[in-house]
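Below: one structure, written as structure tokens.
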Amino acid sequence: MSDVTLDSGFLAKVSAVAEAGARAGGEVVAKYHRTGVEMRSKESFNLVSDADIEAEAAVVRTIRETFPDHAILAEEGHRADGNAEDLWVIDPLDGTNNFAHKVPQFSVSVAYCRCGRPMCGVVFNPVTGEWYTASRGGGAYANGERVHVGGQRGLSEALVSFGFYYDRGAMMQATLAAIADFFGNDIHGVRRMGCASLDLCWVGIGRFGVFFEHKLSPWDFAAGALFVEEAGGKVTTCGGEPLPMAPTGVLATNGLLHEVALEITRRHLVDIMGSR
Ligand code: IPD
Ligand code: CA
Ligand code: CA
């Protein structure tokens with residue numbers, strides 16, 4: 001991804017639209033959280049519901065009111081190229097499994113990207129009312145307050161958060177092996193919260209020193225990865241490369257822990273192309 005800068009007026013405009021989109025999607029998700037909704041299986045353990053689909057429609061409608069020509073990459077049915085010049089990357093309901101079980105750890109995640117590079121991002125939990133917003137060069141904010149990553153200097157001072165994709169084979173084994181290695185470094189503990197976008201934001205606000213997952217999609221990480229960087233942290237693939245706007249492993253840290261965490265995730269790399 002080459003370096004890109006945006007005119008500040010345009011950045012303010014896309015940021016406002018991202019927030020409006022997340023709010024519109026959040027209203028749908030919150031409504032179904034209250035009333036309940038039938039969950040269906042997309043494939044194996046991967047669930048979907050009318051909440052996911054209607055929330056995506058609400059976010060997309062909001063964006064198209066202002067930017068009818070922009071490309072859209074969204075989980076439930078919009079498949080633009082990740083490197084499109086003006087691209088919106090949307091997860092209308094990140095943490096569907098939590099949503100299905102009434103665990104209030106899910107979000108609407110919306111990012112605007114220029115040529116594959118996130119320029120602004122919003123992650124909104126409509127039940128707890130947590131808002132995480134970031135714009136490139138403009139910092140990261142939690143409910144309007146400027147935030148920074150934590151100061152954990154070693155793994156022995158950190159909580160490590162992680163995720164599993166829906167694969168229960170090689171990828172799960174590689175994740176468990178990496179977790180065993182993290183424990184070998186005397187970490188304070190692990191957390192599997194079930195919502196990658198919020199996991200990333202919680203690195204940005206200092207709760208987690210490390211988050212990793214062997215396979216995520218752009219809609220899971222586009223907004224949250226920008227949030228971590230703008231909060232002063234670092235995000236790469238699990239092998240240490242810059243993130244592509246495509247399915248990839250993700251390692252996010254407070255920056256200070258990146259090299260030591262990378263040593264572990266590199267040891268357990270998996271071929272994500274062969275997995276679901
Ligand atoms: C999932 C969540 C979960 C992560 C999975 C994602 P979804 O997104 O972010 O934490 O482990 O890899 O697919 O399916 O709930 O939108
Ligand atoms: Ca997701
Ligand atoms: Ca989703």
Ratio Rg/Rh, restricted to the range 155-274 and using Cα atoms, in which Rh is the Kirkwood radius: 0.91
For the chain, what is the calculated [θ] at 222 nm in deg cm²/dmol (nearest 500), taking -39500 (n - 2.57) for each run of four or more DSSP H residues and dividing by its residue count? -11500 deg cm²/dmol
In the neighborhood of Gln105, defined by Cβ-to-Cβ distances under 13 Å, what is the net charge if each Lys or Arg adds +1 and each Asp or Glu adds -1? +1
Compactness check, the chain: C-alpha Rg relative to the 2.2 N^0.38 Å globular estimate gives 0.93
Of all the Cα-Cα pairs you can form in the range 93-156, what percent are over 14 Å apart? 66 percent
Could you state how much accessible area Tyr166 has, in square angstrom rounded to the nearest 10, with a 1.4 Å probe and all protein chains kept in place? 60 Å²
How large is the direction-averaged shadow of the alpha-carbon convex hull of the range 207-276, in nm²? 4.5 nm²
Note, Asp86: beta-carbon cut-off 9 Å, +1 each Lys/Arg, -1 each Asp/Glu, net -1
Among all helices in the chain defined by DSSP H, which have a length of 15 Å or more along the axis from Cα atoms plus a Kyte-Doolittle mean of at least -1.0? 8-35, 50-66, 170-184, 218-230
Among Ala111, Ala174, Ala196: highest mean-square fluctuation, GNM of the chain, C-alpha pairs under 10 Å: Ala174
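The values are calculated or read from the model by the stated rules, or taken from the named source; none is laboratory data. The shown structure was predicted, so the numbers you read here are calculated from the model rather than taken from an experiment. Positions of Cβ are generated from backbone atoms using ideal geometry, with glycine treated the same way; all protein chains shown enter the neighbour counts. The accessibility values were calculated without ligands, DNA or RNA, using every heavy atom of the protein model including side chains. Shrake-Rupley method; radii C 1.70, N 1.55, O 1.52, S 1.80 Å.
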